[in-house]
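The values are calculated or read from the model by the stated rules, or taken from the named source; none is laboratory data. This one's a predicted model, so the numbers in the text were calculated from it and none came from an experiment. Neighbour counts run over all protein chains shown; Cβ positions are idealised from the backbone, glycine included.
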Amino acid sequence: MEAINEVHVSEPGLVVVDVAAADDETAFAFHTALAARWATTSVERTTRDAGQPGVRLRCYLDLRQPLDASGQAPAH
């Protein structure tokens, strides 16, 4: 995976999440669970590291923007 860029964690509440999972389905299910709760970047694919089992996925979360039941950030 690429190095974490300083801008991705430049403020409290910004999080880089690296996921290692057995397969794409599991990695995407975990991302979906995160995205249901917080503002996250979208992900379209996983990566595989040569010689390593499973897949990897990286996404970025903003804990400062929790989502409501409709999947929208509350209006301030």
- Query: Does residue 34 fit the bill of being modelled with pLDDT of 90 or more and in a strand (DSSP E or B)?
  - Reply: no
- Task: Restrict the check to region 23-31 and report whether at least one residue is part of a strand (DSSP E or B) and at pLDDT 90 or above.
- Result: no
- Message: Being in contact with a Phe, Trp or Tyr (Cβ under 9 Å, 6 or more places away or on another chain), polar (S, T, N, Q) and farther than 20 Å from residue 67 by Cα is the filter here; which residues of region 23-57 pass it?
- Response: 46
- Note on the structure: Checked region 42-76 for anything surrounded by 11 or more Cβ atoms within 10 Å (Cβ to Cβ), outside any strand (DSSP E or B) and modelled with pLDDT under 90; matches are 49, 67, 73
- Confirm whether residue 20 is under 18 Å from residue 68 (Cα atoms) and surrounded by 11 or more Cβ atoms within 10 Å (Cβ to Cβ). no
- Query: From the set of residues in region 34-67 that are acidic (Asp, Glu) and under 14 Å from the mean Cα position of the chain (by Cα), which is farthest from residue 20 (Cα to Cα)?
  - Reply: 62
